[in-house]
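Structure first, then comments.
The values are calculated or read from the model by the stated rules, or taken from the named source; none is laboratory data. What you are looking at is a predicted structure, and each value in this text was computed from that prediction instead of being measured. Quick reminder, even Gly has a Cβ in these numbers, built from the backbone with ideal geometry, and neighbours come from all protein chains shown. These area figures cover heavy atoms from the full protein model, side chains too; ligands, DNA and RNA do not enter into them. Shrake-Rupley method; radii C 1.70, N 1.55, O 1.52, S 1.80 Å.
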Amino acid sequence: MRLDKLLVELNIGTRSEVKALLKKGLILVDGEKINKPETKVDENSVTISYGGKDYAYAQFHYYMMNKPKGVITATEDKKEATVMDLFYRECPDAPKGLAPVGRLDKDTTGLLLITNDGALAHELLSPKKHVDKTYFVTLDGPLTSEDINSLENGVHIGEGDLTAPSTIKYEGGNTCYITIHEGKFHQVKRMFFAVGRQVLELKRTAFGPLLLDEELLPESHIIELKRESFY
């Protein structure tokens with residue numbers, strides 16, 4: 001990879017900015033000053049040093065956000081604040097080109113994966129993969145055993161077929177956990193509406209192998225993950 005392209009991908013600066021930094025000798029490449037931006041380097045093994053910090057290239061990046069209410073799950077929007085606005089405000093040094101995997105409603109909170117690994121995103125979202133998604137649900141009233149049986153075996157939400165089987169963890173009161181592996185529009189809310197209940201609060205607590213630990217990751221906070229987290 002060209003050195004200047006690598007420096008841009010490491011978020012050190014724009015193409016013109018990194019050329020100026022190279023010219024001034026402010027960037028070290030494996031401990032040496034290199035002034036030519038067109039220099040070819042092995043991005044997988046080279047160490048870049050700038051401003052007292054070492055940079056190592058990684059093709060893919062993974063982050064977990066505990067999404068708050070009030071932001072939409074999109075990369076950009078002309079009217080609404082997005083999760084990526086929040087993300088880059090909290091992580092200004094993160095690489096560009098990242099995007100959320102799947103969608104949480106504006107008023108839904110909880111686990112949101114952000115990455116530039118398109119293959120992984122496709123795998124997690126593909127209906128054929130049956131990747132589990134678990135939500136903590138606050139309802140406007142209690143569930144009956146008949147409600148639970150209906151939800152677990154599939155309900156009509158206005159799309160022809162029944163929803164796929166789900167799992168309900170209910171211990172009384174007006175809260176429960178529901179695990180589904182589909183991703184239809186407003187699915188959880190529509191499922192509970194089908195049994196006569198309104199969803200007041202909705203929080204995603206698990207997505208595939210990822211679990212939301214709110215002590216580790218308070219609302220609005222973000223942590224970087226390793227690819228190994230998905231095995």
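Have a look at 204, 190, 89 and tell me which one the Gaussian network model of the chain (Cα, springs below 10 Å) gives the largest fluctuation.
89
Got a number for carbon plus sulfur as a percent of the chain's accessible area, 1.4 Å probe?
49 percent
In the structure displayed, which of 79/184; 78/184; 106/169; 67/226 lie more than 21 Å apart, Cα to Cα?
Result: 79/184; 78/184; 106/169 exceed 21 Å.
With a 1.4 Å probe and all protein chains left in place, how much accessible area per residue does segment 11-62 have, in Å²?
65 Å²
Over all directions, what mean area does the Cα convex hull of segment 50-158 project, stated in square nanometres?
10.4 nm²
Report the full-extension gain for the segment residue 230 to residue 79: residue separation times 0.36 nm, less the Cα-Cα distance, to one decimal in nm.
Result: 51.0 nm gained on full extension.
Any idea how far apart residue 119 and residue 169 come out in nm if each label point goes 7 Å out from Cα toward Cβ?
3.2 nm
Given that compact globular proteins tend to follow 2.2 N^0.38 Å, what is the ratio of the alpha-carbon Rg of the chain to that value?
Ratio of Rg to 2.2 N^0.38 Å for the chain: 1.28.
Under 25 Å from the Cα of residue 36, which lysines turn up, not counting those fewer than eight places away in the same chain?
5, 19, 23, 24, 53, 96
Find the percent of Cα-Cα distances in segment 102-194 that exceed 17 Å, and round it to a whole number.
52 percent
What accessible area per residue, rounded to a whole number of Å², is obtained for segment 86-231 using a probe radius of 1.4 Å?
Ligands and nucleic acids excluded, the figure is 55 Å² per residue.
Considering only DSSP beta bridges where both residues belong to the chain, give the percentage that are antiparallel (nearest 5).
Rounded to the nearest five, the antiparallel share is 95 percent.
What share of all Cα pairs of segment 159-205, in percent, falls into each consecutive 5 Å distance bin?
Result, from short to long distances: 5, 17, 33, 31, 10, 4, 0 percent.
Among 90, 152, 171, which one shows the highest mean-square fluctuation when the chain is modelled as a Gaussian network with alpha-carbon springs under 10 Å?
171
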